[in-house]
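Written out below as structure tokens is the structure these notes cover.
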Amino acid sequence: MAAFQKHANANTFGSSYSHVESLCEQSSTYVRALQECIRKKSLGEGRQIHACISKKLIAGNIILQNTLISMYVKCGSLVDARRVFDEIAKKDVCSWTVMIAAYARHGVPQQALSVFYQMQQNAGVKPNNLTYSAVLSACNNLEFLNQGMKIHQQIIKCGLASNVFVASALVDKYAKCGKIDNARQLFDKMGQRDLVSWNAMVSGYAQNGLMCEALMLFKEMPEKNVISWNSLVAGYARNGAVDTALKLFDEMPQRNVVSWNAMISGLSQNGLIDEALELFKRMPQRTVVSWNAIISGLAQNGRGEESLQCFQEMKEIGMRADFHTYGSILPVCGNMAALELGVEIHEEIVRQGFESNVVVMTGLVDMYAQCGSLGKARQTFDKMHQRDVVAWNAMIAGYAMHGCAEEAFQLFEQMKSSGMSPNHITFICVLSACVHAGLVDEGYQYFNSMCRHYHIEPKADHYTCMVDLLGRAGRLEEAIHFINRIPTKPDAVIWSCLLGACRIHKNLEIAEWAAEHLFELNPTDPAPYVLLSNIYASAGRWDDIGKVRQVMKEKGIKKTPGCSWIEVGKKIHGFLVGDKSHPQTREIYLELERLNSEMKMAGYVPDTSFVLSDVKEEEKEQVLFHHSERLAIAFGLLNTFPGSTIRIVKNLRICGDCHSAIKFISMIVEREIIVRDTYRYHHFKNGQCSCGNFW
Ligand code: ZN
Ligand code: ZN
């Protein structure tokens, strides 16, 4: 870098060149240097070089300007690219095309289209075949079918339809929009076809799940390359024919990184994550797509911790994330309440200029809400340039799950007045806000308005909300009435809601009835057995608890071990009940003992009816004291700053005893403790919980 600067500066002051010659020489030196940055994908060096070039030199030189845009795009800063682009007084077709392609690749089709229209309307620049192929690649889902068709008309008018490059892009666009017949018509009409056109058609069939047609065309191909093979491998893998895909993968004459990627995502989509990992380790070279495949594969297969590890590893080796990576990793951060890591990712997203991507931004809103940081969620939501219905739903759902019903309703009104129509998911969000706040009348209003004003047919999820809402309010008869209204067979979720309501309202008769249904639907799920025993326990029916335990034993049903997670220092720490594997175990147990005596002094009495095993009373207390959430909290207290919020995620519903214990802990240590269990969020503060014991 230093040597380069010296060289460039020397030219500035060199006297052997005439002024013009010297400028040309300089700019081509800069262009070469920038191209080197592109090759190395080094944004830092690119920025340094940009800073060295005088504004005057840039202003007069379109090649230099376009190279700067490319550099920023390829090195991952869309914001900088746009800044350079906006500063160019006379943009040529190349400047426009680079910008359009950049937006297409960053998953911001609206922006790509708007630049495309600006180019023609305001600047009067004619698109060329590269421009068309770039803009078509942005219109690659059904939502943009109409715009794509308009562009198709334009292509015909300007006589580029027979250009094999443009025609192939059209085939590809129609196939990606699911209009496979239109794609085939175009393909059949093409006067001249090359390998690209054939590949577009084969992969079009494969992407639409039409594997017979794909295979037939594949066999007809005059020549094939690795791309043709990859389309088939990916198609079979995605459609669940993993064995066929693997066979082709072994048979193919030559493999590239795309072949490996296709196989890895295919395996993980079909639940074969260990096989996918194996392949990932074996592959000779990895791209961001390979990392994305394994990160999302791990996440989808419930292995969040490993997914986060993989993401960290990817960054350590200097691989740059793209919007797909963020789409996979943000929900994992949310799930694990990994807020520190989430914040770091947010900063990275801003740096990389993904703030205009609705999907990424919605992912952030959701992540913050899941981590219990509603303020940050709302800030992010307010900053979004544009919002689709998914974004609105994410924010409303965030309020709902934290029991902030008023805010959820307000946002719902704001959404409607902004001209966005709610969809069936929006109603699930507002209904669940009613559930978490126990607002029966509002729930009825929203449910009825959904059917009457929006003509949205209620689905199982809407009925579930109503059953949950009425059940919790103790209106069990009305809840049962809603169960009877469901046109399909009621699922396990609905019966669990009813059973949960019976626990709160101590209704044994309906509890047994709901439990019967659950045993039948999900014979191996321990949750209803546990819930039913808790209900027996609170009614003092010890014999029945014994019976339930006997049935569980006979059927070999084991209680799911409780597990809680906490993020400290961007690392996730998991604890099982009674866990002694953590390096800080000794300190953790000492801390718990200390807390226990303070809690007892403050009036805490352990409620051992939540312990299901056949052990003596004192042992029961010990079991309670070592529930996973308490271990995680003790660990958090030891390893975070005094006064900071502690966030815990639990794989089961929090037990009643831990719920009251944590209230005491929050008071003793003067901290806010947020626990997310499988059902809702509990914000413990000053000895109170946000759920108002309503869970
Ligand atoms: Zn507990
Ligand atoms: Zn609570």
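Please treat every number below as a calculation from the coordinates, not as lab data. Note that this is a predicted model, so its numbers are computed, not measured. We place every Cβ from the backbone using ideal geometry, glycine too, and count neighbours over all the protein chains shown.
Here is how the numbers come out for the structure above:
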{"quantity": "Under 5 Å, built H, 5+ apart or other chain: amide partners of residue 687", "calculated": "666, 667"}
{"quantity": "Size of the range 93-188 as Cα extents on the principal axes (Å, biggest first)", "calculated": "35, 27, 18"}
{"quantity": "Qualifying trypsin sites (Lys or Arg not before Pro) in the range 53-141, DSSP loop, other Cβ atoms within 10 Å at most 11", "calculated": "90"}
{"quantity": "DSSP-assigned coil residues among GluC sites (Glu not before Pro) in the range 159-227, each with at most 16 further Cβ atoms within 10 Å", "calculated": "223"}
{"quantity": "Within the chain, helix-based [θ] at 222 nm, where runs of 4 or more DSSP H residues each add -39,500 (n - 2.57), nearest 500", "calculated": "-21000 deg cm²/dmol"}
{"quantity": "In Hz, Karplus ³J(HN,Hα) per residue of the range 393-400 (6.51, -1.76, 1.60; θ = phi - 60°; x = Gly, Pro)", "calculated": "4, 4, 6, 5, 4, x, 4, 4"}
{"quantity": "Protection proxy ranking, peptides 541-551, 270-280, average beta carbon neighbours within 10 Å, highest first", "calculated": "270-280, 541-551"}
{"quantity": "Ratio Rg/Rh, restricted to the range 448-533 and using Cα atoms, in which Rh is the Kirkwood radius", "calculated": "1.00"}
{"quantity": "Dipole moment magnitude, nearest 20 debye, the chain about Cα centre, only Lys, Arg, Asp, Glu C-beta charged", "calculated": "1920"}
{"quantity": "Cβ-defined net charge surrounding residue 666, 14 Å radius [Lys, Arg +1; Asp, Glu -1]", "calculated": "+1"}
{"quantity": "Residues 212, 658, sorted so that the one with the fewest Cβ neighbours within 10 Å comes first", "calculated": "212, 658"}
{"quantity": "Ascending count of other beta-carbon atoms within 10 Å, so fewest first, for 37, 333", "calculated": "37, 333"}
{"quantity": "More than 37 angstrom apart: percent of Cα pairs within the chain", "calculated": "52"}
